Amino acid sequence: MKKLINDPDDVVDEMLDGMTAAYPDRLRRLPDTQVVVRNDAPVAGKVALVTGGGSGHEPTHAGYIGDGMLDGAAAGDVFSSPTADEFEELIEACDAGDGILAIIKNYEGDVMNFETAIELAEMEGVEVESVVVDDDVAVEDSLYTSGRRGVCGTILVHKAAGAKAAQGADLSEVKRVAEKVVDNVGTMGTALTSCVTPEKGEPTFDLGDDEIELGIGIHGEPGTERTEMMSADEITDALTEAILDDLDLGAGQEVLTVVNGMGGTPQMELFVVNRRLQELLGEREVETWDSWVGDYMTSLDMAGASITVCAVDDELKELLGAPADTPALSRIQ
């Protein structure tokens, strides 16, 4: 294994220190925690958005902290949920009295620990609502989930709900927008290689040199099919058809698309995937309103990609296109 790390046990701690050092005017780390919040948190006059989960998916989660998106995020160890105590500190640090929306990817550890933290916060008088994101169309029930997994569509929940909160909407309205995205988004991914975790130092699962995994999870969970290597167009066809069949979009429907790298895929290849994705949407008479290509939710150094499609209307177009200023995603009007 060749990685730019020191002691594997220190990698998350050192990553968070390096991240806050890179953006000292935007981010601060709560002492003796793995929690990162806006430098100006808590922000009065708006609902606060919080999230969190295992590390190894960067720029998810803390990369999306800032104006128009998240107020804070808790980082667990690599591919491990933060503790309930960390989530509770996150909520407390971001609470300005206007309510908290917790955005939770559907993994059992994240859901259980966030729910515990929410109960504790509510006992202290904090108003907290939550939404669970389950956009992965590949499988029902996986290694770490009951129901579908939460993957790259989560970023669109951060974006739309964050924009609604920035408008001064109340907690019920911000939650409604978050749930609207969840109801209209689907994602599916593929792995060309396994990832290598710092602690293990070797691939997390076996995948032959001539094999790929369709429907892979962001922690390397099994997908729908292991098959021989396919062309970029064939892979894009398989992922896109599964998503579109799940969403059941009509002709003329506008969508936002995301071609997301899993951490070890060159942008050249992501653009090749996007080319075929847009062709397929055109054949279905689905209209692309906006298209994102890049690394938004990764799996360490895994080679592969995921495709996300989100049906949008005028409200979601306004919110997804609204200004945002975070380390990993900026939108300027």
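The values are calculated or read from the model by the stated rules, or taken from the named source; none is laboratory data. Small disclaimer: the values here were computed from a predicted structure and weren't measured. Reconstructed Cβ throughout: ideal geometry from the backbone, glycine too, with neighbour counts over all protein chains shown. Please note that ligands, DNA and RNA were not included when accessible areas were found on the heavy atoms of the full protein model with its side chains. Shrake-Rupley method; radii C 1.70, N 1.55, O 1.52, S 1.80 Å.
Just a few scattered comments:
- Here the 3J(HN,Hα) profile of the range 326-331, calculated from phi with Karplus coefficients 6.51, -1.76 and 1.60 at θ = phi - 60°, is 9, x, 9, 8, 10, 10 Hz, Gly and Pro shown as x.
- Mean projection area, nm², convex hull over Cα of the chain: 15.6
- Residues of the range 34-97: accessible area per residue with a 1.4 Å probe, Å²: 26
- Computed label-point distance, nm, for sites Asp248 and Asp325 using a 7 Å Cα→Cβ extension: 4.3
- Gained length - Phe205 relative to Ser130, 0.36 nm times residue gap less alpha-carbon distance: 23.7 nm
- Overall dimensions of the range 233-299, expressed as equivalent-ellipsoid semi-axes from the Cα gyration tensor (√(5λ), whole Å, largest first), are 21, 12, 11.
- Distance between the pseudo-spin-label points of Thr288 and Asp183 (7 Å out from Cα toward the beta carbon): 2.7 nm.
- If you plug the beta carbon distance of Asn39 and Glu14 into 1/(1 + (r/R0)^6) with R0 = 25 Å, you get a FRET efficiency near 0.80.
- Cα gyration tensor category, rounded, prolate or oblate, for the range 185-331 with a/c compared to 1.5: oblate
- With a Förster radius of 56 Å applied to the C-beta separation of Asp313 and Ala22, the computed FRET efficiency comes to 0.95.
- Between the range 102-174 and the range 244-284, the C-alpha centres lie 24 angstrom from each other.
- Relative contact order (%) - criterion: Cα under 8 Å, at least six apart; region: the range 10-183: 21
- Working from the Cα coordinates of the range 10-183, the gyration tensor eigenvalues give, after taking √(5λ), semi-axes of 21, 20, 15 Å in decreasing order.
- Carbon plus sulfur fraction of accessible area for the range 21-103, probe 1.4 Å, in percent: 44
- Per residue, the average separation of C-alpha pairs within less than 8 Å and at least 6 apart gives the range 223-333 a relative contact order of 33 percent.
- Between the amide H of Tyr296 and those of Gly261, distances stay under 5 Å, these residues lying 5 or more places away or on another chain, with hydrogens modeled in the peptide plane.
- Dipole magnitude for the range 10-183: computed about the Cα centre from +1 point charges on Lys and Arg Cβ and -1 point charges on Asp and Glu Cβ, it is near 780 debye.
- For Thr193, the amide hydrogen comes within under 5 Å of the amide hydrogens of Ala303, counting only partners 5 or more places away or on other chains and with H modelled in the peptide plane.
- The chain, dipole about Cα centre (Lys/Arg Cβ +1, Asp/Glu Cβ -1), debye to the nearest 20: 900
- Within the accessible surface of the range 185-331, defined with a 1.4 Å probe on protein heavy atoms only, the carbon and sulfur portion equals 46 percent.
- 22 Å Cα cut-off, lysine pairs counted over the chain (separation 8 or more, or different chains): 19
- Full-extension gain in nm, Met123 to Gln267, via 0.36 nm per residue minus C-alpha separation: 47.2 nm
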